[in-house]
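Single-structure report; data block below.
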Amino acid sequence: MAEFDYDLFTIGAGSGGVRASRMAAAFGARVAVAEDKRLGGTCVNVGCIPKKLLVYASHYGTDFADAEAYGWNVGPRTFDWARLIANKDREIARLNGVYQGILEKNGVEILNGTARVLDPNTVEIGGRRVTARYVLIATGSLPYVPPGEGCDLAITSNEIFGLAERPERILIVGGGYIAVEFAGILHGMGSHVTQVYRGKLFLRGFDRDVRSVLAEEMTKQGIDLRLGVQIVRIEKRGTALAVTLDDGGLLEVDQVLAATGRLPNTQGLGLEGAGVKLNASGAVLVDEYSCSSVPSIYAVGDVTDRINLTPVAIHEGAAVATTLFGGTPVKPDHTDVPSAVFSHPNVGTVGLTEDEAREKYGDVVIFRTRFRPLRHTLTGRGETTMMKLVVDRATDRVVGLHMVGPDAGEIVQGFAVAVKCKATKAQFDATIGIHPTAAEELVTMRDPLPPAELVGGE
């Protein structure tokens, strides 16, 4: 008789949990996954996948307008929010089935319900107690809405994907990637968008040039961007919401979207009772192998609050499965992780910001360009693209690469390989560009910025 019911019991069937579970099962482990919502986690259901579909939808308005400059006669245009949401829902349901198929094909048992850790090797789900040699926490994160008068009237990114109607007027509160992405999405669909953020510049942690250029481009598009401003209260006023700001402003909107951060989803899991240490925000504290303070309990993804990106969670989950059941201890690699913000325009970034590079290396060389994309020479649209390279002078290595502009995520994904491989500026210079493309600018910048133009500080 086996010592435990399972070799691995995973709580949470998001990207990280699914990857760890199916790989562990492929290694021969007996695996079960508990999920109290839909398979696929935040990314598939209320995160990156549906959001990217809405991003695609939001670009068609300007695409139709731009087409006329290229000789296309485009007739009257209308937008059907309900049809978009129904089509999105159908695709998400398909993906839920894909995730179920992946788990079942690999012999992973799927348990529907809320799981709770009772001790280092025991989990309770639906009144049933099971034991496992290892427990993996992969429960992700949840939207955080700060306390305040009337803040319960706000929606979060979880609810916006299911709205029956597109809000004509919306206030977006926050300065992270979710806030700027939905500002662009809804503005592109025809909503009047106001975004407020308490700080002087949004996207904290990104390169300052990226932040300032994106703010400028969003303002040029007509998004009402209010920085250094906070909400005082939200009040119901008929079918609308009246929002008072601390600068004396009063807004009347149809919806308020609170995009004010996310917190690790550990509440009610019983982790502390089992001896698992959490930080002040509730994140599971883990070592370099994703092991918690309890040797039999591991954690991956947003619940650890390391780098909260779906591909990182997948990478961490694979490393845990290989470590526990593949015979080879593997540490997840969190260096030079590329990321994108699907704002209007897009942001792509990999490596260090200018300020981070200066702190780490001291003497750095900055290359930066800003130009109007070829596409807009006919449309007359004022949108610009910015590209930036951060180079360590001592080694000539490109230690940071940043872009604001169309397809930034696609372009930076390719260049991330070069940064990961520690490519030098000389190697960038020796690479022949593809003409005419925007990406060629990253291998044709030759003149560094003079000291007077360098950006420093917050």
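A few remarks follow.
- Positive-end residue, the stretch 326-451 charge dipole about Cα centroid, Cβ charges, pick of L378, T437, T349: L378
- Gyration tensor verdict on the stretch 339-453 (Cα atoms; rounded if a/c is under 1.5, prolate if a/b is larger than b/c, oblate otherwise): prolate
- Distance violations [Cα-Cα > 21 Å] among K360/K388; K200/K360; K51/K88; K52/K200: K200/K360; K52/K200
- Cβ-to-Cβ counts within 10 Å put K220, K37 in ascending order as K220, K37, the fewest first.
- Prolate is the label for the stretch 151-260. Its Cα gyration tensor axes, ordered a ≥ b ≥ c, give a/c of at least 1.5 and a/b above b/c.
- At least 15 Å along the helix axis (C-alpha) and Kyte average at least -0.5, DSSP helices within the chain: 15-26, 48-67, 81-105, 177-188, 310-325, 408-420
- Extreme residue, positive dipole direction of the stretch 1-53, given options A25, G41, G12 (C-beta unit charges): G41
- HN-Hα J in Hz across the stretch 223-231 - Karplus 6.51, -1.76, 1.60, θ = phi - 60°, x for Gly and Pro: 6, 7, 9, 10, 9, x, 10, 10, 7
- Signed unit charges on C-beta, dipole axis of the stretch 151-260, positive-most listed residue I172, G249, G199: G199
No lab work stands behind these numbers, since they all come straight from the coordinates. In this text the structure is predicted, and so the values were computed from the model without any measurement. With ideal geometry, Cβ positions are generated from the backbone for all residues, glycine too; neighbour counts draw on all protein chains shown.
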